[in-house]
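The values are calculated or read from the model by the stated rules, or taken from the named source; none is laboratory data. Bear in mind the structure is a predicted one, so any value in this text is a computation, not a measurement. Every residue, glycine among them, receives a Cβ derived from its backbone with ideal geometry; neighbour counts consider all protein chains shown. The accessibility values were calculated without ligands, DNA or RNA, using every heavy atom of the protein model including side chains. Shrake-Rupley method; radii C 1.70, N 1.55, O 1.52, S 1.80 Å.
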Amino acid sequence: AALGRVFRLTKEAVQILGGASGGSSIYLDVPIQRINRDIETLNMHALMHATTNQELYGRVLCGLEPNTLYL
């Protein structure tokens, strides 16, 4: 559950910083935009997605199988 929360908070922080930068165009060489794309990509993975991560953690706490091949 902690990993999912870290990714959720990181995604939110990067989105706030990206929005505060005032940029409306997409460039390959702007660091905050590159970081934002990287964080978005990481959040697409099921184990990094906060709600999926919390569900798996809850299943394990209840003594159930994690229902994924990744664990």
Task: Residue-averaged 222 nm ellipticity for the chain, from DSSP H runs of 4+ at -39500 (n - 2.57), nearest 500 - done: -20500 deg cm²/dmol
Task: Charge dipole (debye, nearest 20) of the chain; +1 at Cβ of Lys and Arg, -1 at Cβ of Asp and Glu - done: 80
Open item on the list: Give me log10 I(q)/I(0) at q = 0.25 Å⁻¹ for the chain, Debye formula, one equal scatterer per alpha-carbon, no solvent.
Closed with: -1.04
- [ ] Mean Kyte-Doolittle of at least 0.0 plus a Cα span of 24 Å or more along the axis: flag which DSSP H helices in the chain meet both, please.
- [x] 2-20
- [ ] Leaving ligands, DNA and RNA out of it, work out the accessible area of T41 with a 1.4 Å probe and give it in Å² to the nearest 10.
- [x] 90
Task: trypsin sites (Lys or Arg not before Pro) restricted to DSSP loop in segment 6-56 with at most 11 other C-beta within 10 Å - done: none
Open item on the list: I'd like the accessible area for I35, computed on protein heavy atoms only with a 1.4 Å probe and all protein chains in place. Round to 10 Å², please.
Closed with: 80
- [ ] Take the solvent-accessible surface of the protein heavy atoms, probe 1.4 Å, and return the percent of it on the chain that carbon and sulfur atoms account for.
- [x] 62
- [ ] With an 8 Å cut-off on Cα pairs and a minimum separation of 6 or more residues, tell me the relative contact order of the chain in percent.
- [x] 40
Task: the chain, accessible area per residue, ligands and nucleic acids excluded (1.4 Å, Å²) - done: 75
